[in-house]
Amino acid sequence: MIRRLTVFAMLLCSGAAAAHKPSDSYLQLSVEKDALHGEWDIALRDLEYAIGLDSNGDGRITWGEVRARQADITEYALRHLHIEADRQPCTLAASALQIADHTDGAYAALMLDGRCASAPRHLGVDYRALFDIDPTHRGLLRLQFEGTQTAILSPDRPAQIFIPGGDRVWPTILVYSGEGLWHVWKGADHMLFLAGLLLPAVVWRRRGRWHTATRLRDTAWESARVVTAFTLAHALTLSLAAMGVIHLPSRLVESLVAATVVFAGLNNLVPMIHRGLWFLAFFFGLIHGSAIAGALLELGLPAEQRVAALFGFNLGVEAAQLSLIAAVVPASFLVRRSRLYQYGILIPGSIAICIVGLLWLVQRVFVLDLIRFGQ
């Protein structure tokens, strides 16, 4: 949301980003005949790494420092973004620089204008910003081209071609399935929560003693029930947030996510819930779904394919979680009777999950900068 320049003197770059908000930039483009218009929001923290903004080295980026580097910001951005219409390059210029406020801090917002040789039959977008600095960075594109289309531009796929109309179902499902996979594999707090649930999948504690599972099939089935319950809850709150039914403060939700990580690890050390872990996963999944809703909404859901996008995203989440089961549970089953698993993996792993989750909780509740992992 763009705010008036008069309030920007006090804007500072946030030191701690939300766990579901890794390095992203937000590129919005609209095509009107042979003209291009848009806005490109790049995090100030990313520009600090790329070109340096904090001129006095006090660890705080002010509007004055951003304005002083306007020419360098513009040059860096336009050098890493190229647009083509029917394979012919379009001109692109930045007409203004403002500040945009996103959930994870302040962004430099470049107002873009461009011109193509003719009204395009297809449009090519080639995005290369920040990939050399952060290989996990992504450009999140929202394109108005006779309909709304979205894309995730990454080092593996920095250039994409778009045709008019955003009504293609399968491409939308594929794009958002990839986003769901990426979310699970890259989300540190999400992964630690799942690890806390899966660590005891092949053992259980009764009357102070550990007991081991007897059949891999039963263990795999129970693990699948747990993560599927988590995904269903995840999908429910994510869909409600996407439709505008619910909206919770980001700081509250991220703090609750950290609390779920602590509980998942603690429950392995001091069992409070012995049976029905799928119900626990469902309840906590409601919280995790709320946490990633903001990031997904900022990416943008195509108006014509909102259901397909949500379906694809949740399909990707479930596929990633099932792949985690396939990798972890069989290996754990093989060593489940060894002291190494119980006292070298399960207990130390659960303690580590509790400690990291507790640090996240304190960090998010009191807005501190204790650890970078998962931020």
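Nothing in this text is a laboratory measurement; each read-out follows from the coordinates by a stated rule. It should be emphasised that the depicted structure is a prediction, and the values quoted were computed from it without experimental measurement. Using ideal geometry, Cβ is built from the backbone for each residue, glycine included, and neighbour counts are taken over all protein chains shown.
Some observations on this one:
- Of the DSSP H helices in the chain, those whose Cα atoms cover at least 24 Å axially and whose Kyte score averages 0.5 or more: 216-242, 250-269, 277-299, 306-334, 347-366
- Since only Tyr76, Gln160, Val253 are under comparison, the one whose Cα sits farthest along the positive direction of the charge dipole of the chain, derived from C-beta charges on Lys, Arg, Asp and Glu, is Val253.
- Max mean-square fluctuation residue, GNM over the chain, Cα-Cα springs under 10 Å, options Ser25, Ser55, Ser255: Ser55
- When Arg275, Arg157, Arg168, Arg142 are sorted by how many other C-beta atoms sit within 10 angstrom of their C-beta, beginning with the fewest, the order is Arg275, Arg157, Arg168, Arg142.
- Computed about its Cα centre, the charge dipole of region 5-166 is approximately 240 debye, with only Lys, Arg, Asp and Glu carrying charge at their Cβ.
- Using bins of 10 Å that start at zero, the share of Cα-Cα pairs per bin across region 148-190 amounts to 23, 51, 22, 5, in whole %.
- Relative contact order of region 175-366, defined on C-alpha pairs under 8 angstrom at six or more residues apart (%): 41 percent
- From the alpha carbon centroid of region 251-295 to that of region 90-165 is 35 Å.
- Value of Rg to Rh for region 183-260 (Rh from inverse mean 1/r over Cα pairs, i.e. Kirkwood): 1.07
- Computed magnitude of the charge dipole of the chain (debye, nearest 20; Cβ of K, R +1, Cβ of D, E -1): 1960 debye
- Value of [θ]222 nm, deg cm²/dmol, for the chain, DSSP H segments ≥ 4, -39500 (n - 2.57) each, nearest 500: -15500 deg cm²/dmol
- Unit charges on C-beta of K, R, D, E only; dipole of region 175-366, Debye: 1060 debye
- Counting beta carbons within 10 Å around each of Lys33, Lys186 and listing the fewest first gives the order Lys33, Lys186.
- Over the chain, Cα pairs under 8 Å with separation of 6+ residues give a relative contact order of 19 percent.
- Stretchable slack from Asp72 to Leu248, in nm (0.36 nm times residue separation minus alpha-carbon distance): 59.7 nm
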